[in-house]
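The values are calculated or read from the model by the stated rules, or taken from the named source; none is laboratory data. Remember, predicted model here, so these are calculated numbers, not experimental data. When we count neighbours, we look across all protein chains shown, and the Cβ atoms used for this are built from the backbone with ideal geometry, even at glycine.
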Amino acid sequence: MKYIALTGATGLLGSYLLKDLLRRDIPVLTLIRSSRRESAKQRIEGILRRFEAQLGRALPRPVIMESDLHKPELGLNKAQIHWISQHVESILHNAASLTFVADESGEPYASNVKGMQHVLQLCQSANIRKFYHVSTCYVCGLRQGVVLESELDEGQEFGNDYEKSKVEAEKMVRSCRFIDSLTVFRPAIIVGDRHTGYTPTFHGFYAPIKIVLPFADPVKTTDNDFARYSEVLGMKLSDRKNFVPVDWISQVMTHVIAHPEHHDKTYHLSAANRVKIEEMGKVIIEGIKKYVKRDSAHPGITADFDQILQTFSGQMGVYKAYWKDDPEFDMTNTIQAAPHLPPPMMTHDLLLTLVRYAMQSNCGWPLPKPTVLENDVQAIFDASDKSKEKPESGLATPPSEGFSFSLRVTGRGGGDWTVCYNCGRIETYQGLSSSNDSPLMTMNAATFHGLDACSDSDLFWNVSWENASLDAKGKALQLLKAVRSSAEN
């Protein structure tokens, strides 16, 4: 079973793509880095636990490789690149910098252009020839009118460095000769979940909310306040922006990825309607009055309105070119590929859902506590490998040499492995077998950790199987029990 490699899995869109791909039983390799607060594994585990709580079901876990977008071949070693060459069929490049004005670190070009070069180097080294690229509708720059999905470089002017960098990146991947299949997704301005409002990041639509929120006073706020905010930036209240919910974008993208007949096209992913700046302002003011609470525990920052305007103007200055009237994005390919997923209408109620989440979550502050890892299945395999008690010593009837099967454990501490019986020993390798004929055993983490207490007949009902004969099932369960037993010695 071949994997899809995903970059940017810990961002807003990346986290939804990870969830939706795993829900479709598409194996995923995540190429991410650790943060200052959490390891790469903690970051992924925290994302999936939140979705599991929302869905009420256990999800598979991806294979995780520490990587760095700013290094050639993402900083992966030869063994990792070899693994990728054997197990990965395609890459979904979603990681990007949202920096609007070039800074001393070289962003956004360091991530969006140089990073693309490094991703393509990895693809060439690992022989990945199928590429899904997350670009942006705003490669159109300052164009007006209707922007077609087939258009890219039309000699347009740009409003910021982010737009320029994304055009350079898209042109780079389009000109890459060893990529046989290229599918490009261009989202508009991504906002939170249309049902819950959830987002872990607060850019774009959320920028004015994040700036004003510390000063917001539901008693003193008036309906005319946002007009004055707009005035200091030269924004027209009649200008329109194309905001689009992340859950819809991810659903359309995963549908396209799962259906090869829709590959090799470019897809604009935008809402059915553009939102006027005036409407956005009204919803933000309504949100302040409904959801901002001021008391002795949450007094807010005291300032007169002119001081607030000055702060707003200073911090929003970097976004000035961003708040312009959006063109109309043609979505012919998107509608043809996913007629069952029509573009969402950005209604007043949906916008208010987004505002409510931002305000009630205080725009993501304070940060959640780092995820605590427990019941790690990999630790069981590691302990078995180090055990003085050889795993095969407890086998009543050892399987034939070269027997192997794939194991998928869903839920906390889970993951994908291939379990082999070779030369009298049991060996485990990360990732499902690349052979489509290999038996696949799937169980949740609770079942895995309770293997010793379950009879084979009970396990047959608590485990799902693919491509497994009755004999293969018995051998696979026997090997797993031997691993669990040796890990405890």
Task: Sole residue being buried (at least 22 other Cβ atoms within 10 Å of the Cβ), of a type in the set (A, V, I, L, M, F, W, C) and assigned to a helix (DSSP H, G or I), chosen from 44, 91 - done: 44
- [ ] Within the stretch 252-264, track down each residue that is part of a helix (DSSP H, G or I) and either surrounded by fewer than 16 Cβ atoms within 10 Å (Cβ to Cβ) or hydroxyl-bearing (Ser, Thr, Tyr) (or both).
- [x] 254, 258, 260, 261
Task: Residue match in the stretch 223-240 (condition: of a type in the set (Lys, Arg) and surrounded by 18 or more Cβ atoms within 10 Å (Cβ to Cβ)) - done: yes
Task: Among (1) assigned to a helix (DSSP H, G or I); (2) closer than 20 Å to residue 330 by Cβ; (3) out of contact with any helix residue (DSSP H, G or I) (no Cβ under 9 Å at 6 or more places or on another chain) - the single one residue 289 does not satisfy - done: (2)
- [ ] Report the residue count in the stretch 409-443 for those that are closer than 16 Å to residue 59 by Cα and among the basic types (Lys, Arg).
- [x] 1
Open item on the list: Going residue by residue through the stretch 265-286, is there one that turns out to be charged (D, E, K, R) and part of a loop (DSSP other than H, G, I, E, B)?
Closed with: yes
Open item on the list: Any residue that is without any contact (Cβ under 8 Å) to a residue 40 or more places away in the chain and farther than 30 Å from residue 416 by Cβ - is there at least one of those in the stretch 176-185?
Closed with: yes
- [ ] State which residue is farthest from residue 142 (Cα to Cα) when the search covers only the stretch 310-319 and only residues that are surrounded by fewer than 17 Cβ atoms within 10 Å (Cβ to Cβ) and either in contact (Cβ under 8 Å) with a residue 24 or more places away in the chain or touching an Asp or Glu at 6+ places or on another chain (Cβ under 7 Å) (or both).
- [x] 311
Task: Residue that is farthest from the chain's Cα centre (by Cα) [pool: residues in the stretch 103-154 that are surrounded by fewer than 19 Cβ atoms within 10 Å (Cβ to Cβ), of a type in the set (A, V, I, L, M) and farther than 28 Å from residue 259 by Cβ] - done: 142
Task: Cross-chain or 6+ apart pairs with Cβ under 8 Å, the stretch 136-154 first and without any contact (Cβ under 8 Å) to a residue 60 or more places away in the chain, then part of a strand (DSSP E or B) and surrounded by 15 or more Cβ atoms within 10 Å (Cβ to Cβ) - done: 136/186; 136/187; 139/186
TODO: Please state which one of 53, 102 is assigned by TED's automatic domain parsing to the domain that holds residue 167, part of a helix (DSSP H, G or I) and not β-branched (Val, Ile, Thr).
DONE: 53
Task: Qualifying residue in the stretch 313-320 (condition: basic (Lys, Arg) and at pLDDT 85 or above) - done: no
Open item on the list: Take the residues in the stretch 444-481 that are among the small types (Gly, Ala, Ser) and modelled with pLDDT under 85; name whichever of them is nearest to residue 49 (Cα to Cα).
Closed with: 453
